[in-house]
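Heads up, the thing below is written out as C-alpha cells.
Laboratory data are not the source of any read-out in this text; all were calculated from the coordinates shown. These figures come from a predicted structure and were not determined experimentally. Positions of Cβ are backbone-derived with ideal geometry, glycine not excepted, and every protein chain shown enters the neighbour counts.
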2 protein chains.
Amino acid sequence: MAKQRAALANGAECCRTDVGAKLSSAQTKEYAGWFKALSDPTRIRILNLLAANRDAVCVCDIVKHFPISQPTISHHLKILKDACFVQAERCGTFMYYRVNRNCLDDFPNAARQIMDV
Amino acid sequence: MAKQRAALANGAECCRTDVGAKLSSAQTKEYAGWFKALSDPTRIRILNLLAANRDAVCVCDIVKHFPISQPTISHHLKILKDACFVQAERCGTFMYYRVNRNCLDDFPNAARQIMDV
C-alpha cells in the first residue's frame, strides 16, 4: 500500500496487484445457496437445535421452542431440507428431522475456504 | 427413534425429545445478516479474492476478475462492507478494499457454532 500511495501521490495510475479468487464458480454457487437458506435467524436456530440433538427430532418438538406456528416452522424446515442441511422422515402422522451429518464438516469447511484459512 | 416408532405404532402420542438451540437470539440475528450478505456467488468470490490477498486491493483490480461493471462490483462491496466482512479506504481517486481480519476466525467459528462442532 505504501508504494501504491506514493505512486498515486505522483499522479501515476493505480498499481495493479496480483489477485485471484481461489474458489470455483461451482463452489461459490453452491455456498451461496447454503447461505441463502441460513439468511434467516429462525432457520439458523432450527438448524442449531437439530445439530445439538443429532438424532431425529419430531416437528412438534421443534415447534415448542419457537413462538411461531407449525406451518411456518415446516416452511423453514423445507428450505433447510432443500439446501441439504437437514433430512426428513415420516413416522406415522409425524415428521422427524435430523441434521445432515455431512454438513457438520462441510459447512465449517466452506467458511474456512472462503476466508482462505 | 426405535422407542418413538414403537410408541407411534401403538397409537401413542409423539414422544417428546429434549431439544434446545444453543445459540442466542442475538447471535442468530447477527449470523443471519452475515449469511444474507454471502447469499450471492459474486460476493462470495469477491470476499474469497480479498481473503486470499489479505492486503488492500484496488477496486479496479477486483473488477478485472469479473464479467460485470465496476458500479455492480462496488454495490457488492458495499454489502460486504455493511456486513463487516471487508473494510474500505480511499486513496486518491481509487477505493481500496481489504478483508476484515476479525472475520478470518469469526466466520468459520460461527459455522462451527451453528453445527455444534
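Listed values, structure above:
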item: Filtered residues of segment A:26-47 (kept if within 7 Å of chain B (Cβ to nearest Cβ) and in a helix (DSSP H, G or I)); result: A:THR28, A:LYS29, A:TYR31, A:ALA32, A:PHE35, A:LYS36, A:PRO41, A:ILE44, A:ARG45, A:LEU47
item: Answer from B:ASP61, B:ASP82 - the residue that is within 24 Å of A:ALA110 (Cα to Cα) and acidic (Asp, Glu); result: B:ASP82
item: Among the residues listed as B:LEU104, B:LEU50, the single one being among the aliphatic types (A, V, I, L, M), part of a helix (DSSP H, G or I) and at the interface with chain A (Cβ under 7 Å from one of its Cβ atoms); result: B:LEU104
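Table: residues versus (1) within 17 Å of A:GLN113 (Cα to Cα); (2) without any contact (Cβ under 8 Å) to a residue 40 or more places away in the chain; (3) crowded, with 19+ Cβ neighbours inside 10 Å.
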residue	(1), (2), (3)
B:VAL63	no, yes, no
B:HIS75	no, yes, no
B:ASP82	no, no, no
B:ARG90	no, yes, no
B:LEU104	yes, no, no
B:ARG112	yes, yes, no
B:ASP116	no, no, no
